Every structure is written in C-alpha cells, then in structure tokens.
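What follows is calculated from the coordinates using simple rules that are stated; it is not laboratory data. Predicted model only: the values in this text are computed from it and were never measured. Neighbour counts are summed over all protein chains in view; Cβ atoms, including those assigned to glycine, are modelled from backbone coordinates with ideal geometry.
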Amino acid sequence: MAVAAVSFLPAPLEPVRPALLTRVAPVTRLAVGVAWLLVVVLPAGPGVPLMLAIVAVLAVVLLSGLPLGRVPTRLAPLALAALGLGVLTVLVNPANGDPTAPAVIATGPLRIAAGSVSAGVTIALRLAVIALVSLLVFAVSDPTRLADSLVQQWHAPYRFAYGTLAALRIVPLLAADWTAVGAVHRLRGLEPRGVRGRVAAFGRRLLVLLVTAIRRAERMALAMDARGFDADLPRGVYRPIRVGRLDVLVLAVGLAIAAAAYAFGR
C-alpha cells in the first residue's frame, strides 16, 4: 500500500540535462544563494528584488538544467502566497491612512496610496526571489551531494550534515505514509461523516503517522550508529567533490550581481 501511495507523490524536481549549475559544487550555489537572500531582505524598494528575480528566472531557464515544464507547478503555491501577501500588504499598509500621501486609488472608503503599492510589490517580489533561489540551490543537485559538499568544503560535522540529509529523506516517506493510512482507513469503512467525523479521522491518521515516524526515526538512528556516525573518527571520502575555477567564477558573478542589484535597485 505504501509503495502504491508513493506513485501519487510528485516526482522530485531534478535536472534532466547537463547545465552550468549542475557542474558547480553545492556549497558554491549555497553561498551565492545566502548572499542574494541577505541582499533581498535589506530595506530597499522593489527594484532590488525585481533585478534579482529577473536574473534568477534567467538562471533557471538557461543554467539549471531543470525540466522547465514542471517548474511553474512546483512554484505555484509560493507564487499564490506571494500574491496574497502582496495584496494584503497593499490593503493594510499604514500609508493608506495618510491624507498627504499620493493616492493611486481613492473610491469611497477605499484609499490606496502609492507607498502601499510599492510595499506590496516589494514583499511579493521578495518571496519570489526566495522561491527561485531555493530552487537554484537545492533542486539542481541531489541532497546527498549537498551533504557531501558541506562536509568536504565547509567541514560541517557529520552529525549535522547527514542528520539533516536523513530528515530530508524522511519527508517524502511521511507523505506516502499519510496517503497509505488514509487508503487503509477507507478500505476498512472508516469514512468520515460530518465535521466531528472528519476531525476524528484526522486525529486517527495523525496518531498512526506519529507512531510510524517515531519507529522509522529509531531504525534510521540505529542504522547511522552502526555506520559510525556517532563516533568522531577520521573518515575517507567516497564521493569526492572539488571546487575549481568554475566555482570561483560562479561565486564572483553571483556576488557581483547581488552587489549591483543593491547598488542600482534602491
């Protein structure tokens, strides 16, 4: 049943063709992504996130190697969240109550100032940049490669790097378990009826999922202990990742884009 449920989950968004960013070490993309996020959250107008969003879209299309037909579907939830938060910011911004501020819309009780529109657009663009940067940093390579790169290049502790990797690997399994538990309950005739029935069904599924997650975490912890992740011993490298000239070039260009966006977009 769990295997059948996995088929209903969306396939992982991974590169389908070689591209420039697929040849770069994951920590290089992570460093550029952190720099972009730091710039985009600094106090500034919509010009800074707009410039970074345009560059990020071009990077996704030209340099990521990701299947472009599936990218909009994956970004749709964050796009809706960005749109909703932007509209909410426009409606509740304090600038709307300032009679001296220039108004874009003034109809009856509704008054929207130009500053409110700018603030709403800025918030929406910031969320768009966060979504695109996350895609470029994490979807371009396998999470195992990211953990290997953190250990080899940044000398991150094994417990932190591979513990985080194990947690990321569990998330799709939990989604499959949730679907499988719901299917089993329906086969047993436990169809929820009414509000109370739906709440009870949700509680049953949540309890089963919690027990399953604890058991899986215990098995994974024992497996990691058996492989020596609990011991501070020197280790060899099975999948070596090297930083070369291309990484230096990507890092320099990425930092230059972040600096230029902040300098000219304010």
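Over the Cα atoms of the chain, Rg to Rh with Kirkwood Rh, two decimal places?
Values: Rg = 23.3 Å, Rh = 22.1 Å.
Expressed as Rg/Rh, it is 1.06.
Take each uninterrupted DSSP H stretch in the chain, measure its Cα extent along the helix axis, and return the ones at 30 Å or beyond whose mean Kyte-Doolittle hydropathy is at least 0.0. Write out the running numbers ahead of the final one.
On the way: long enough: 71-92 (31 Å, 1.85); 114-138 (36 Å, 2.10); 158-187 (43 Å, 0.80); 194-226 (48 Å, 0.58).
Going by DSSP H runs, the hits are 71-92, 114-138, 158-187, 194-226.
Calculate, in nm to one decimal, what D142 and L110 gain on full extension: separation in residues at 0.36 nm each, minus their alpha carbon distance.
Values: separation 32, 0.36 × 32 = 11.52 nm, distance 4.92 nm.
Extra length from D142 to L110 when fully extended: 6.6 nm.
Cut-off is 10 Å between beta-carbons; in what order do D247, D225, D177 appear when sorted fewest neighbours first? Walk me through the intermediate numbers first.
On the way: D247 19, D225 11, D177 22.
By the 10 Å Cβ count, ascending, the order reads D225, D247, D177.
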